[in-house]
Every structure is written in structure tokens, then in C-alpha cells.
Amino acid sequence: MVEYRCVNCKKIITLDELGSKAKCPYCSSKILIKLRPKVVKLVKAR
């Protein structure tokens, strides 16, 4: 699940809420930050 955070109102917005627009549905700000996933990846060292 892709999530974004609005820079202006600090609300977390999912990709489903955005639709085809790149605007915050709450405050109409155009600046959104993509949040990192909460999954930790383990990589084996060689």
C-alpha cells in the first residue's frame, strides 16, 4: 500500500484517495511526500 503525507496539513493519504490527482483532498496542497514502507528487508551478506 502506497501512502503519502501532505506537507501542509500532515494528513496521511493513500493512493486510493488521491485517484488521478496529485493534490491533498483535505487542503488542496500540491506537495506530497511518499512514505517509506514499514517492512524491514533482510539481506544476507556474502
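Table for the structure above
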quantity: Filtered residue count, the chain, keeping only those that are of a type in the set (D, E) and in a strand (DSSP E or B); calculated: 1
quantity: Residues within region 1-15 that are of a type in the set (K, R) and more than 9 Å from I33 (Cα to Cα), tallied; calculated: 2
quantity: Meets criteria (loosely packed, with under 13 Cβ neighbours inside 10 Å and touching a Phe, Trp or Tyr at 6+ places or on another chain (Cβ under 9 Å)) for L42; calculated: no
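Every number here is computed from the coordinates shown, using simple stated rules; none is lab data. Quick caveat, the model's predicted, so the values are computed rather than measured. Reconstructed Cβ throughout: ideal geometry from the backbone, glycine too, with neighbour counts over all protein chains shown.
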